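What follows draws every value from the coordinates through simple rules; no lab data is involved. This is a predicted model, so every value here is computed, not measured. Note that each Cβ is placed from the backbone with ideal geometry, even for glycine, and that neighbours are counted across all protein chains shown.
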Amino acid sequence: MKKKGTFLLLFFLLTLLSGCSSKHTPLSKTGFYFDTVITVTIYDSSKEEVLDECFALAEYYENLLSATKEGSDIWNINHASSSPVTVSQETAALLEKAVYYGELTDGLIDPTIAPLSSLWNFSSENAQTHTVPSDHEIAEKLSHVDYHRLSIDGLSVTLSDPDAAVDLGFIAKGYIADRMKECLLQHQIDSAVIDLGGNVLTLGNKPDGSPYVIGIQTPFAERGVSLGTVSVSDCSVVSSGIYERYFEKDGILYHHILDTNTGYPIDNALSAVTILAPSSLDADALSTACFALGPESGKELIESLPDTEALFITKKGERIATDGFLLRSPSY
């Protein structure tokens, strides 16, 4: 499963343990899911089985929502040749949410982007396989991208176009982080960090009552170079940017966030967007939506939403933030 076509958008937790005072030693577990490394850390419990439950959820949802896992709900929809497919209640609900964000952006983000993203093949690690598709190839694949062709009737899902395909990469990891948070709360965990390959969700505060301090990656800098930090409690922090998955041909940079109008990578002033929101699902989807909308329309959208903030980084390095996004200078 690829976040927005796998946004391995680098976050790194700064001073996470400093100042912590707890009778429990922090517990952490790391694994590889959704084509990325994920880590869950809890600070106020010694129950290792809680971490095991979180990772069981990761495996469950990967097998349910991945477009590349044979037999998953999404794989079945994409290979049904326009026949109805019965899916789980969770998949149906997430597809409804994905369509909502398609409608919110007038199709700028689209859960049926898979034919186009597969054509560009940004997921390949082999630079030699990165080629710029022809205009004809792009036009053909783009003709199958339209979320209106995705029909959800209860638990029955149909793609009216047999050549269309769903990819929930722009929203799935956020959804899964929220489900992990629910699991932790059920076990009376009040202090934890869920990091699903850059989708960071904090639960409560650090044990000493102070907020978590999260650094935001500087676009195109070495990993771990922060352009600033945010202090957050009970908050999800998600970024979308052009600097993690891209290739260059003839001096032109082609990145993985695709324009559903042209079929080419979105060409606007932005290099990255970071969203703060209580829901990781919403932060996940909004980071892509705001990148596609651009800084002016994206900022207007965020300012219309409660408890949600955004930081827009332009290609020139300018920073445009909503009033509640407090970016602090990094400390090393």
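How big is the charge dipole of region 126-227 about its Cα centre, in debye rounded to the nearest 20, if each Lys and Arg gets +1 on its Cβ and each Asp and Glu gets -1 on its Cβ? Show your work: numbers first, answer last.
Numbers: 7 positive and 14 negative charges, 88 e Å.
Value, rounded to 20: 420 debye.
For residue 316 and residue 123, FRET efficiency with R0 = 35 Å and r from the beta-carbon atoms, rounded to 0.05?
FRET efficiency, residue 123 to residue 316: 0.75.
Once amide H atoms are built 1.01 Å from N in the peptide plane, which residues 5 or more positions from residue 321, or in another chain, come under 5 Å H to H?
Here 312 satisfy the definition.
From the Cα trace of the chain, what convex hull volume per residue do you get, rounded to a whole Å³?
Each residue corresponds to 131 Å³ of Cα convex hull volume.
Put a dot 7 Å past each Cα toward the Cβ at residue 156 and residue 327; how far apart are the dots in nm?
Going by the 7 Å Cα→Cβ label model, 4.9 nm.
Fully extended, how many nm does the chain gain between residue 134 and residue 188 (0.36 nm per residue separation, minus their Cα-Cα distance)?
14.0 nm
With +1 on the Cβ of every Lys and Arg and -1 on the Cβ of every Asp and Glu, and nothing else charged, how large is the dipole of region 182-332 about its Cα centre, in debye rounded to the nearest 20?
For region 182-332, the charge dipole is close to 440 debye.
Can you list the aspartates and glutamates whose alpha carbon sits under 18 Å from that of residue 315, skipping same-chain ones fewer than 8 residues off?
222, 244, 248, 259, 267, 296
Using DSSP to call loops (not H, G, I, E or B), can you name the chymotrypsin sites (Phe, Trp or Tyr not before Pro) in region 168-269 whose Cβ has at most 14 other Cβ atoms within 10 angstrom?
For chymotrypsin sites (Phe, Trp or Tyr not before Pro) across region 168-269 that sit outside H, G, I, E and B with at most 14 neighbouring Cβ atoms in 10 Å, the list is empty.
Which one, 151, 214, 168, is farthest towards the positive end of the dipole of the chain when Lys and Arg carry +1 and Asp and Glu -1 on their Cβ?
214
Quick one: of 29/141; 249/316; 173/316; 97/299, which pairs are farther than 32 Å apart, Cα to Cα?
29/141
For the pair residue 208/residue 76, report the inter-label distance in nm, with labels modelled 7 Å from Cα in the Cβ direction.
Calculated label separation equals 5.0 nm.
If R₀ is 22 angstrom, what is the calculated FRET efficiency for the pair residue 48 and residue 90, using the beta carbon separation as r and rounding to 0.05?
FRET efficiency, residue 48 to residue 90: 0.25.
Where nothing but the Cβ of Lys and Arg (+1) and of Asp and Glu (-1) is charged, how large is the charge dipole of the chain around its Cα centre, in debye to the nearest 20?
Its charge dipole is roughly 880 debye.
Modelled label-to-label distance, residue 233 and residue 35, 7 Å Cα→beta-carbon offset: nm?
Simple spin-label model gives 3.7 nm for this pair.
With r as the distance between the Cβ atoms of residue 300 and residue 63 and R0 = 35 Å, compute the FRET efficiency 1/(1 + (r/R0)^6) and round to 0.05.
Details: r = 39 Å, r/R0 = 1.10.
The pair residue 63/residue 300 has a calculated efficiency of 0.35.
Any idea what diffusion coefficient region 239-332 gets from Stokes-Einstein, in µm²/s, Kirkwood Rh on alpha carbon pairs, 37 °C, 0.692 mPa s?
D = 237 µm²/s.
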